[in-house]
Amino acid sequence: MTETKNFYSAANQNFPQLNESERRIFQYVLKNFEEAKHYSIRQLAKKCYVSSATIFRFTKKLGFEGYSDFVDSLSNTPEAPQEIPHSIKQKDYREEYLKNIMESVRVADQERMEKFNQLLDNDPVIYLIGEELDLQALRYVDWLFTAQGFRSVLLADKAAIRNAVHNINDNDILFAFAYTGDSSAIIETIELVKQSSQATIVSFTRAVTNVVQNLCDIDFYIFTDEIIYDSLDMTSRISMIAIVELILYKRLKRATTSE
């Protein structure tokens, strides 16, 4: 009888071989480990918005004989402590860290970046919304927008959010850093803004289909390794910031060239 593979050992060994779609599946399994143990191949495919054939190829790339072997591995592998993500176990976390940034920048849709730049030409008020670590990253983004002369408003509390919902105009932008994409407060704010105006909703989320992503007009997704330490989210937001910087630096270059 063949010994059942440990899911995390297989993942650590074969993760670099996964393509973009397969990495999304992997991230979904990590976030929904217990539920995934009981999914059929069709159910997991539906949850990840891919075909059953893509799920099968994903399991083969991880070194499993097929989907049943993959499920057996999940069932026989205890869920890893959240403070020790797969990337930390790897020999060279630096390589994986840089790879995630490069992949996030590589897949950033140029048309969306240009569309966002065109919106900035209309001199909008940019309302920045995020929670916890996302909010901390937005403080730097707020500085970037302000430094280039934009009217930027950081929504750091409920009063500021309520005021923004009442005052946002069709020409304005609601700009969300929402890594998980499932924050009820951010989802509620987006829905309220959509009810009261035609403002453009721009979001930055993880590379897994999520609610915030589906509600937005322009979404940029990133790859990163989720790190929870002592119950605190320490997942890198560098890829989010890098895309914003690229958009604004391109705009800055255009402005200095035309002078």
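Out of (1) more than 24 Å from residue 251 (Cβ to Cβ); (2) touching a strand residue (DSSP E or B) at 6+ places or on another chain (Cβ under 6 Å); (3) crowded, with 20+ Cβ neighbours inside 10 Å, the odd one out for residue 210 is which? Here residue 210 clears every test but (2).
Of the candidates 36, 45, 108, the single residue that is closer than 16 Å to residue 6 by Cβ and at pLDDT 85 or above is 36. Criterion applied to 221, 179 was being crowded, with 18+ Cβ neighbours inside 10 Å and over 19 Å from residue 111 (Cα atoms), and the one residue passing it is 179. Residue 253 passes every criterion in (1) surrounded by 13 or more Cβ atoms within 10 Å (Cβ to Cβ); (2) free of Cβ contacts under 8 Å to residues at least 60 places away in the same chain apart from (1). Being on the phi < 0 side of the Ramachandran plot and modelled with pLDDT under 95 holds for only one residue in 152, 184, and it is 184. Listed by first and then second residue, the pairs with beta-carbon distance under 7 Å, at least 6 apart or on different chains, first residue in the stretch 16-38 and basic (Lys, Arg), second assigned to a loop (DSSP other than H, G, I, E, B), are 23/207; 23/223; 24/207; 24/208. In summary, residue 163 fulfils each of the numbered conditions (1) touching a Ser or Thr at 6+ places or on another chain (Cβ under 6 Å); (2) free of Cβ contacts under 8 Å to residues at least 40 places away in the same chain; (3) of a type outside the set (A, V, I, L, M) with the single exception of condition (1). Within the stretch 6-33, the set of residues being within 20 Å of residue 77 (Cα to Cα) and either among the small types (Gly, Ala, Ser) or not in a helix (DSSP H, G or I) (or both) comprises 6, 9, 10, 11, 32. A single entry from 173, 201 fulfils the requirement of being among the hydrophobic types (A, V, I, L, M, F, W, C), buried (at least 22 other Cβ atoms within 10 Å of the Cβ) and over 15 Å from the mean Cα position of the chain (by Cα): 173.
Taking the conditions (1) in contact with a Leu (Cβ under 9 Å, 6 or more places away or on another chain); (2) of a type outside the set (Val, Ile, Thr); (3) within 14 Å of residue 127 (Cα to Cα); (4) at pLDDT below 95 in turn, residue 199 satisfies each one other than (4).
Of all residues being among the hydroxyl-bearing types (Ser, Thr, Tyr) and assigned to a loop (DSSP other than H, G, I, E, B) in the stretch 48-102, which is modelled with the lowest pLDDT? Just the residue, please. Out of the qualifying residues, it is 77. For the stretch 16-52, taking the residues that are in contact with a Ser or Thr (Cβ under 8 Å, 6 or more places away or on another chain) and β-branched (Val, Ile, Thr), the one that is surrounded by the most Cβ atoms within 10 Å (Cβ to Cβ) is identified as 25.
Of all residues in the stretch 62-71, those being surrounded by 17 or more Cβ atoms within 10 Å (Cβ to Cβ) and either among the polar types (S, T, N, Q) or within 25 Å of the chain's Cα centre (by Cα) (or both) number 1. Of the residues making up the stretch 51-70, not a single one is hydrophobic (A, V, I, L, M, F, W, C), under 14 Å from residue 209 (Cβ atoms) and outside the structural domain of residue 107 (by TED's automatic domain parsing).
The values are calculated or read from the model by the stated rules, or taken from the named source; none is laboratory data. Keep in mind that this is a model prediction, so the values were computed, not measured. Please note: Cβ atoms are built from the backbone with ideal geometry, for glycine as well, and neighbour counts cover all protein chains shown.
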